[in-house]
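Following: one structure in structure tokens, then a few remarks.
The values are calculated or read from the model by the stated rules, or taken from the named source; none is laboratory data. The shown structure was predicted, so the numbers you read here are calculated from the model rather than taken from an experiment. No Cβ is skipped: glycine too gets one built from the backbone with ideal geometry, and neighbour counts run over all protein chains shown.
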Amino acid sequence: MSSNAHDHDEERPWFLAHHFDTVGQQMSSAKLGMWLFACTELLMFSGLFLAYFILRKMYPEMLLTASEELNKTLGGLNTIVLLFSSYTMALGVRAAQTNNKKALERNLIITIVCAFIFLIVKYFEYSAKIHHGLLPGDLFAAAEHGYHLPKYSKVFYGLYFTMTGLHGVHVVVGIGVLTWILIRARRSEFSSQNYVAVENAGIYWHIVDLVWIFLFPLLYLVK
Amino acid sequence: MSDPKVFLNGKPVEHPHEDHHHVTPVWQFTAVFIALLFLTILTYAVSFAGLGPASLPVAMAVAICKGSLVVLFFMHLAYEDRFYAFVFVVSLIFIAIFFTFTLFDMSTTDELNEEAGIEFQRHVMDQAEALENPPEPPPPKATVGLRPRPRVRPRPRVSTAAGTEPQAPLHPRQRGLGRRPGPFFFGLHFASGLAALGGGGQRWLRPTSSLKAAREGGYVAQNAVGHRCGGCTGHGAMAIYARSGVFAPHIGVLRR
């Protein structure tokens, strides 16, 4: 880099990393990186969705009967919780854009609380499945618990636990990311010029929501 | 900030590209959230209606609506630089390719296996098991009217009945691929021909040297209809695909 780049050193805002020339440039690269990451997330989940469709094609009757055992209402409740958390996350990004520190903190806290509610509901769902022996692979023991499920139902439960489990891991990671953003917001690091970290955390959280939007009808609802 | 400069390879850039800040009004987020809530309740309620085979497309249509709302408004993609949308849509296209090809292969190999008398071991074992102990009907559940109609058509199988001489199964390629033409085969045939013949195709596929070798070596592609070809560029390219094994189940290759 030529020496011209350092002429404006005294004007450089504190949050502008040394390898960027302007805030806008820094923001564009951060966002592009986040979008690329979001796309790889979609590609990763698409493999599992394809596995679902293949299973559906191979054993339609089994899949429909086995999925009847999932709790539609709890799944629907979790959908609404996640949608609401996405809403508050979007409001949080807006609060950061408009220098509203209080609203940013409030919205981040609501989002994190919603993530915890999601995991608690998931815990109840999982424990019911474990209690009834509706488990993947060799752990599958539905017949001992009085369930007459078709052969290969264990494959469906394998898929159910893999898909919702991987999504759950993303929720846990999201709690970590949002907590980090909340701590930085408390330190008043964000402003209408410097909010790309909040926005990127938001994009991650919306991806988690997006995956659930497709997971929920496929696993719980579709007959 | 007084006219900050962007440098590329040590030289200042006149009009650097920068993202603009777009602040969405709160009412818009609220409207999107209410729409999402409405669609969730809709898809939940519809799932009890028992739409049968239509339930998957309906649920997917609603989910795609919801997903687009989230991506466009919550993730700001509608107001962002178009480049992010481009990246996103490209990954969606790749997902579509991934799904289409895999599912299409799933549905065609069954037919080919049937024709060649190849059966999956698990099908044989399942059938034997079903013959030994006929399944008892499951006890009716307390829920009424919600059970799906079974939508499975039993697949006709190539069976070797006792008495008839069991024939050694021939692979379709050995038997000269006499099977019904399907739209996919015509599609593949014409698409590969067009791709290789078109100006762009030459650049994408770069088959010229190996294509020449294939034509001079006298490789002929034979598609599933039994139609042999090897004269033109497209068919030569097809022969290369088939030889490389990419589309081997669908296209046979013979020496001229």
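Looking at the stretch A:168-184, can you tell me whether even one residue there is over 30 Å from A:Phe15 (Cα atoms) and in a helix (DSSP H, G or I)?
Yes, the stretch A:168-184 contains at least one residue that is over 30 Å from A:Phe15 (Cα atoms) and in a helix (DSSP H, G or I).
Take the residues in the stretch B:73-89 that are within 7 Å of chain A (Cβ to nearest Cβ) and buried (at least 20 other Cβ atoms within 10 Å of the Cβ), then tell me which one is farthest from the chain's Cα centre (by Cα).
Among those residues, the one meeting the criterion is B:Phe74.
Condition first: more than 8 Å from chain B (Cβ to nearest Cβ), closer than 12 Å to A:His170 by Cβ and crowded, with 16+ Cβ neighbours inside 10 Å. Now tell me which residues in the stretch A:32-47 satisfy that.
Within the stretch A:32-47, A:Glu41, A:Phe45 meet the criteria.
Residue-wise test of (1) surrounded by 18 or more Cβ atoms within 10 Å (Cβ to Cβ); (2) more than 18 Å from the chain's Cα centre (by Cα); (3) polar (S, T, N, Q).
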position	(1), (2), (3)
A:Val155	yes, yes, no
A:Leu166	no, no, no
A:Arg186	no, yes, no
A:Ser192	no, yes, yes
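Restricting the stretch B:22-34 to residues that are more than 9 Å from chain A (Cβ to nearest Cβ) and either closer than 18 Å to B:Leu77 by Cα or of a type in the set (Ser, Thr, Tyr) (or both), which is surrounded by the fewest Cβ atoms within 10 Å (Cβ to Cβ)?
Filtering the stretch B:22-34 down to residues more than 9 Å from chain A (Cβ to nearest Cβ) leaves B:27-28, B:31, B:34.
From what's left, either closer than 18 Å to B:Leu77 by Cα or of a type in the set (Ser, Thr, Tyr) (or both): B:27-28, B:31.
On the way: B:Trp27: 8, B:Gln28: 12, B:Ala31: 13.
My answer is B:Trp27.
Since A:Glu125 meets every condition but one in (1) surrounded by 21 or more Cβ atoms within 10 Å (Cβ to Cβ); (2) out of contact with any Lys or Arg (no Cβ under 7 Å at 6 or more places or on another chain); (3) touching a residue at least 24 places away in the same chain (Cβ under 8 Å), which condition does it not meet?
Just one mismatch for A:Glu125, condition (1).
Given the options A:Lys151, A:Lys223, name the one that is within 14 Å of chain B (Cβ to nearest Cβ) and touching a Pro at 6+ places or on another chain (Cβ under 6 Å).
Testing whether each residue is within 14 Å of chain B (Cβ to nearest Cβ) and touching a Pro at 6+ places or on another chain (Cβ under 6 Å) leaves just A:Lys223.
Looking at this structure, is A:Ala38 farther than 20 Å from A:Leu166 by Cβ, among the small types (Gly, Ala, Ser) and part of a helix (DSSP H, G or I)?
no
Please enumerate the residues belonging to the stretch A:48-68 that are of a type in the set (D, E, K, R) and either assigned to a loop (DSSP other than H, G, I, E, B) or at the interface with another protein chain (Cβ under 8 Å from one of its Cβ atoms) (or both). Show your work before the answer.
Keep residues of the stretch A:48-68 that are of a type in the set (D, E, K, R), which gives A:56-57, A:61, A:68.
Matches in the stretch A:48-68: A:Lys57, A:Glu61, A:Glu68.
Of all residues being outside any helix (DSSP H, G or I) and at the interface with chain B (Cβ under 8 Å from one of its Cβ atoms) in the stretch A:14-31, which is nearest to B:Gly10 (Cα to Cα)? Just the residue, please.
Top of the filtered list is A:Asp21.
Could you list, in sequence order, all residues of the stretch A:69-82 that are surrounded by fewer than 24 Cβ atoms within 10 Å (Cβ to Cβ) and facing chain B (nearest Cβ under 8 Å)?
Answer for the stretch A:69-82, where residues must be surrounded by fewer than 24 Cβ atoms within 10 Å (Cβ to Cβ) and facing chain B (nearest Cβ under 8 Å): A:Lys72, A:Gly76, A:Ile80.
Inspect the stretch A:85-106 for any residue being under 18 Å from A:Asn71 (Cβ atoms) and under 18 Å from the mean Cα position of the chain (by Cα) and give the result as yes or no.
no
Determine whether B:Thr40 is touching a Gly at 6+ places or on another chain (Cβ under 8 Å), on the phi < 0 side of the Ramachandran plot, modelled with pLDDT of 85 or more and facing chain A (nearest Cβ under 9 Å).
yes
Take the stretch A:25-40 and flag every residue that is farther than 13 Å from B:Asp81 by Cβ and in contact with a Phe, Trp or Tyr (Cβ under 7 Å, 6 or more places away or on another chain).
Those that are farther than 13 Å from B:Asp81 by Cβ and in contact with a Phe, Trp or Tyr (Cβ under 7 Å, 6 or more places away or on another chain): A:Gln26, A:Cys39.
So which residues in the stretch B:47-70 are more than 7 Å from chain A (Cβ to nearest Cβ) and among the hydroxyl-bearing types (Ser, Thr, Tyr)?
Across the stretch B:47-70, the qualifying residue is only B:Ser68.
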